[in-house]
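The values are calculated or read from the model by the stated rules, or taken from the named source; none is laboratory data. If you're wondering where the values come from, they're calculated on a predicted model, not measured in any experiment. With ideal geometry, Cβ positions are generated from the backbone for all residues, glycine too; neighbour counts draw on all protein chains shown. Surface areas here come from the heavy atoms of the whole protein model, side chains and all, with no ligands, DNA or RNA. Shrake-Rupley method; radii C 1.70, N 1.55, O 1.52, S 1.80 Å.
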Amino acid sequence: MTMRYRLKADNIAATVIDGEAIIVNLTTGVYYSMDKVGAEIWQMIEQGLSVPRISVLVVARYQVDEERARTDVEALVGKLSAEDLISPSDEPALAGSEPVMAVGLPYVTPTLEIYRDMGDLLALDPPMPGLRDIPLQSAGEVGTQ
Amino acid sequence: MTRPLVSCIVPAFNSSRYIAEALDSILAQTYPLIEVIVADDGSTDDTAAIVGRYGGRVGHVAQETKGPAATRNLGIAAATGDFLAFLDADDLWHEQKLERQLDRFTAKPALEACVTHAKMFWAESLAHEADQYRDNPRSNAIPGYATTTLVARRSLFERIGNFREDLWFSDATEWFLRAREQGVVLELMADVLTRHRMHEHNLTRRRSEASKTEFAQIVAESLIRRRASGMRPADS
């Protein structure tokens with residue numbers, strides 16, 4: 001499978017609160033949550049780490065064997081990709097981006113929770129996916145704020 | 001039967017370019033009993049002068065700049081109608097918007113809020129972008145969970161609260177999320193009764209990263225509240 005992914009930043013709004021990642025797909029209004037292990041994997045994808053490297057770091061941090069960690073990370077990445085939240089990337093990892101973490105924590109299989117209940121409501125107000133920022137100076141008039 | 005008064009609140013900040021079109025689309029409403037209030041967030045252009053040309057037909061209340069949510073709340077405080085409606089200064093209403101929505105409240109007395117579909121249109125200066133988005137689903141009519149399509153009973157605001165003034169971009173979505181969490185009786189009309197103008201200065205365009213962060217934050221907060229009430233994900 002693809003080694004490295006990036007967040008589809010144009011298509012999503014995301015935040016991490018108290019170790020839980022919340023991601024909104026701005027096109028569909030469907031939103032997602034991942035807690036603990038999943039949220040950390042999300043952040044490692046954001047930092048540009050490869051799938052094998054993420055698996056190694058999960059093994060280093062949690063009480064889980066290599067094969068299960070790799071299977072779980074690949075499964076999660078597959079789901080995130082299927083939901084159009086991440087896409088394959090050729091970019092290198094960000095410099096100095098590997099997290100320094102505690103070790104030996106109890107492991108829980110990372111899951112992607114999917115919420116479709118607010119899709120209608122979340123469809124208008126968010127920014128248009130892929131809309132380019134237009135500098136105020138190029139607008140040919142004085143900015144309004 | 002006496003028809004109720006609808007207060008039409010127009011939040012404005014340096015809105016001189018388009019506000020006359022917005023006000024004209026309110027004053028052209030076929031629904032007869034309205035008051036129009038421009039809530040001015042400390043404009044430094046000639047917004048106030050343009051509003052002044054409408055004389056007694058349009059009221060004007062102003063504050064020092066506090067952001068869009070505080071400005072809508074300023075309008076709510078000044079409004080005297082039992083129903084509240086909002087129109088951003090760069091958007092337009094269909095002339096039958098209020099009439100059709102008030103008919104829904106008459107047909108369904110328990111109704112607390114009514115929104116309509118909305119369609120985007122592009123300022124002439126952004127014709128290239130109109131082309132770019134011609135085939136995007138968002139160029140079609142979309143469910144307008146936004147203040148510009150909303151007509152709500154004043155009592156709903158008293159029940160669930162006003163717009164959150166600490167939010168700069170997502171105050172409307174946060175209000176709708178809160179309303180749904182608290183069991184609002186809301187109807188989405190199929191009619192396309194609001195037109196939302198895309199132009200160079202749309203607030204969400206200017207600070208897209210900040211707006212997305214705030215947006216994710218309010219969705220997260222809502223999720224945490226609803227989860228505490230026993231809500232489960234659709235699947236995982």
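Antiparallel beta bridges, as assigned by DSSP with both residues in chain B, represent about 25 percent of the total such bridges. The Cβ shell under 11 Å around B:Leu92 holds other residues with a net charge of -2, Lys and Arg each +1, Asp and Glu each -1.
Largest first, the residues B:Val192, A:Val108, B:Val51 sort by 1.4 Å accessible area into A:Val108, B:Val192, B:Val51.
Chain B and chain A together bury an accessible surface of about 4500 square angstrom, both sides counted, with a 1.4 Å probe and no ligands or nucleic acids included. I need the fraction of alpha carbon pairs in the protein assembly as shown separated by more than 26 Å, rounded to a whole percent. When every Cα pair of the protein assembly as shown is considered, 56 percent fall beyond 26 Å.
Beta bridges from DSSP with both residues in the protein assembly as shown: antiparallel share about 50 percent, rounded to the nearest 5.
With bins 10 Å wide beginning at 0, the percent of Cα pairs of segment B:10-152 falling in each bin runs 11, 38, 35, 15, 1. Measuring with a 1.4 angstrom probe and ignoring ligands and nucleic acids, A:Thr27 comes out at about 70 Å² accessible.
For segment B:1-80, the set of GluC sites (Glu not before Pro) satisfying both a DSSP loop assignment and a count of at most 16 other C-beta atoms within 10 Å is given as B:Glu64. For the protein assembly as shown, the fraction of 1.4 Å probe accessible surface lying on carbon and sulfur atoms is 51 percent.
Mean separation of Cα pairs under 8 Å and 6 or more residues apart, divided by the residue count, gives segment B:6-229 a relative contact order of 23 percent. Mean residue ellipticity at 222 nm, helices only, the protein assembly as shown: -10000 deg cm²/dmol; runs of at least 4 DSSP H residues each add -39,500 (n - 2.57), and the sum is divided by the number of residues.
The alpha-carbon positions of segment B:12-90 define a convex hull whose volume is 83 Å³ per residue. Once the C-beta distance of B:Thr44 and B:Glu158 is scaled by a Förster radius of 30 Å, the resulting FRET efficiency is 0.35 to the nearest 0.05. What segment B:6-229 shows is 39 Å² of accessible area per residue, with the surface traced by a 1.4 Å probe over protein heavy atoms.
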